[in-house]
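Following: one structure in structure tokens, then a few remarks.
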Amino acid sequence: MKVCKFGGTSMADSDAIEAVVKIINDDSSRRFIVVSAPGKRFRSDTKITDALYNYFATGCENFDFIKNRFSEIAEGLGLGEDVSALLDGVKDDIKRNGYKDFAASRGEYLSARLLASKLGAEFIDADALIRFDGDGNLLLDESLAIIKNRLKGVRVAVLPGFYGSMPDGRIKTFSRGGSDITGAIVARAVGASVYENWTDVDGFLAADPRIVRNPDIIECLNFGELRELAYMGAEVLHPESIYPVRHVGIPINIKNTFNPSHPGTMIVADCKVPMGKRTVTGIAGKKGFTIINIEKDMMNGEIGFGRRALQVLEEENISFEHMPSGIDTLSVVLRDEYLPKNLTHLVSRLEDALKPDKIEVHSGLSLIATVGHNMAARQGTAARLFKALGDSNINVRMIDQGSSEMNIIVGVDTFDYEKAINAIYYGFKNCPEE
Ligand code: ASP
């Protein structure tokens, strides 16, 4: 049995939804369908979720855009029933309920209602299935038990993604892109053989296509690699959507609604790409970091040095990303968005707490992660990576290798960022051993 989640572009208009219907009807094991709200049809278009946030923020004045989008979809799908009453009801409900999450949730609600009607399948609302506590934390076990029970004996059902409810009955949404999480929870609850996540690309790309031209599609990656790549900025799935399925061994298959015969990307617990086939699974990176280098003679013998450095950060409410260290040096890599505008205060606090010989701030740093589960067992990977960077005249400012040995992170000057990603990508791709 498969659980399928269709994202915003797959639900954007009636043509896309016809493709969704075909995909579902082509495989009778596709039984539980989770949908997003209609997304963009073209670049400058507005996603329904954004239109709903805007509608609510502007005092629930003009519902026309939202009403027209759904009316057009219903008409294009040839749904005989009068959706106008449904849409007017939703409009009134948003006004009456008067809170943001409720308004935002109606995109998924309407999307699921229309698809269920087109398929002749049951519509099952998510408010009673996905449960949050009073502080808005997901109650995973409780939700799993409710869903399992509710879907028992149901042949095919369509469920809205993105939201659930709190103990007082109020709707609560996940963060943006959260329908991915709903799909993962449903997949776990029903013990799906696979969680198909349908989107508008053929799969997870080995590098950002805005930087590397036509990067390869990753056929298979494991959850650890996905976590590392997603953390470093590769976008396809909501990062929280892996937790419900990861430990129970349900694979996620990223598929393209507009090219359904493409196998897409398989994300599995243990992806065994034969040795000799591929060292690097993917490359991802992020701009906007600052590194603070702290130097002090005999630092390595000074007990509590690292703790004091981290304590200053904690007291200043700054989270750190990496902390590479040498014999008498320690560096902290911080995300610019978490830093105060003026760093003088932070530096003087570090000086007071650590009495260093030298402290140096270097901003304009970008981090690049080169990720691959085969890297740990393969000699020469780091050599190849640094040769590629060296051959392109890129100065490496920082190096960090996670203990899983599945990831080498390098810090480069932001002006070298794109060049560095291309250098690494082609450094591995063009290598005769790959
Ligand atoms: N519609 C919501 C959003 O735009 C949730 C989702 O699509 O997953 O973020």
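Rounded to the nearest 20, the size of the Cβ-charge dipole of the range 317-434 about its Cα centre is 100 debye, with Lys and Arg at +1 and Asp and Glu at -1.
Distance between the 7 Å Cα→Cβ label points at R43 and N137: 4.4 nm. Each of S366, C271, F70 was scored by the projection of its Cα onto the charge dipole of the chain, and the greatest displacement toward the positive side belongs to C271; charges sit on the C-beta of Lys, Arg, Asp and Glu.
A simple charge model with +1 on the Cβ of Lys and Arg, -1 on the Cβ of Asp and Glu and nothing else charged puts the dipole of the range 102-234 at about 480 debye relative to its Cα centre.
Summed over the residues of the range 33-87 and divided among them, the accessible surface reaches 50 Å² per residue at a probe radius of 1.4 Å.
Cross-link partners of K355 among aspartates and glutamates, defined as those whose alpha carbon lies under 20 angstrom from its own and excluding same-chain residues fewer than eight positions apart: E295, D297, E302, E314, E315, E316, D328. Counted over the range 311-434 with a bin width of 5 Å, the fraction of Cα pairs per bin, in whole percents, is 2, 9, 19, 19, 17, 13, 9, 8, 3, 1, 0.
How high is the FRET efficiency from S261 to I211, r the C-beta distance, R0 25 Å, rounded to 0.05? Efficiency computed from Cβ-Cβ geometry: 0.35. Helix 64-76 and the longest principal axis of the Cα set of the chain meet at an angle near 70°. Which lysines have a Cα lying under 21 Å from the Cα of K95, excluding residues fewer than 8 positions away in the same chain? Straight-distance partners of K95: K47, K67, K172. Cross-link partners of K429 among aspartates and glutamates, defined as those whose alpha carbon lies under 19 angstrom from its own and excluding same-chain residues fewer than eight positions apart: D208, D216, E219, E225, D391, E418.
The mean sequence distance of close C-alpha pairs (under 8 Å, at least 6 residues apart), as a share of the length of the chain, puts its relative contact order at 13 percent.
Based on C-alpha pairs under 8 angstrom that are at least 6 apart in sequence, the range 1-122 has a relative contact order of 29 percent. Expressed per residue, the C-alpha convex hull volume of the chain stands at 171 Å³. Per residue, the range 257-394 exposes 51 Å² of solvent-accessible protein surface, assessed with a 1.4 angstrom probe and all protein chains in place.
Exceedance of the 20 Å cut-off in Cα-Cα distance is limited, within the set K255/K419; K5/K118; K118/K148; K91/K118; K255/K287, to K255/K419; K118/K148; K91/K118; K255/K287.
Between the C-alpha center of the range 196-256 and that of the range 123-155 there is a gap of 25 Å.
Between E235 and D82, the modelled labels are 4.1 nm apart [label points 7 Å from Cα along Cα→Cβ].
Look at the alpha carbon pairs under 8 Å that are at least 6 residues apart: their mean separation over the length of the range 145-185 gives a relative contact order of 34 percent. Write down the percent of antiparallel bridges among all DSSP beta bridges whose residues are both part of the chain, to the nearest 5. Beta bridges within the chain, antiparallel portion: roughly 60 percent.
Solvent exposure of the range 105-172, expressed per residue, is 41 Å² of accessible area, with all protein chains present and a 1.4 angstrom probe.
Axis of helix 344-354 versus longest Cα principal axis of the chain: the two differ by about 60°, to the nearest ten degrees. In terms of the mean number of neighbouring beta-carbon atoms within 10 Å, the peptides 226-237, 193-204, 126-137, 55-66 order highest first as 193-204, 226-237, 126-137, 55-66.
Considering only protein heavy atoms and a probe of 1.4 Å, how much of the accessible area of the chain is carbon and sulfur, as a whole percent? On the chain, the fraction of accessible area on carbon and sulfur atoms equals 48 percent.
Charge dipole of the chain (Cα centre as origin; +1 on each Lys and Arg Cβ, -1 on each Asp and Glu Cβ, all else neutral): 800 debye, rounded to the nearest 20. A viscosity of 1.567 mPa s and a temperature of 4 °C, combined with the Kirkwood radius over C-alpha pairs in the Stokes-Einstein formula, give the range 35-136 a diffusion coefficient of 90 µm²/s.
The values are calculated or read from the model by the stated rules, or taken from the named source; none is laboratory data. Quick caveat: nothing in here was measured; it's all calculated off a predicted structure. Don't worry about glycine lacking a Cβ; one is built from the backbone with ideal geometry, like all the others, and counts go over all protein chains shown. For accessibility, only protein heavy atoms count, side chains too; no ligands or nucleic acids. Shrake-Rupley method; radii C 1.70, N 1.55, O 1.52, S 1.80 Å.
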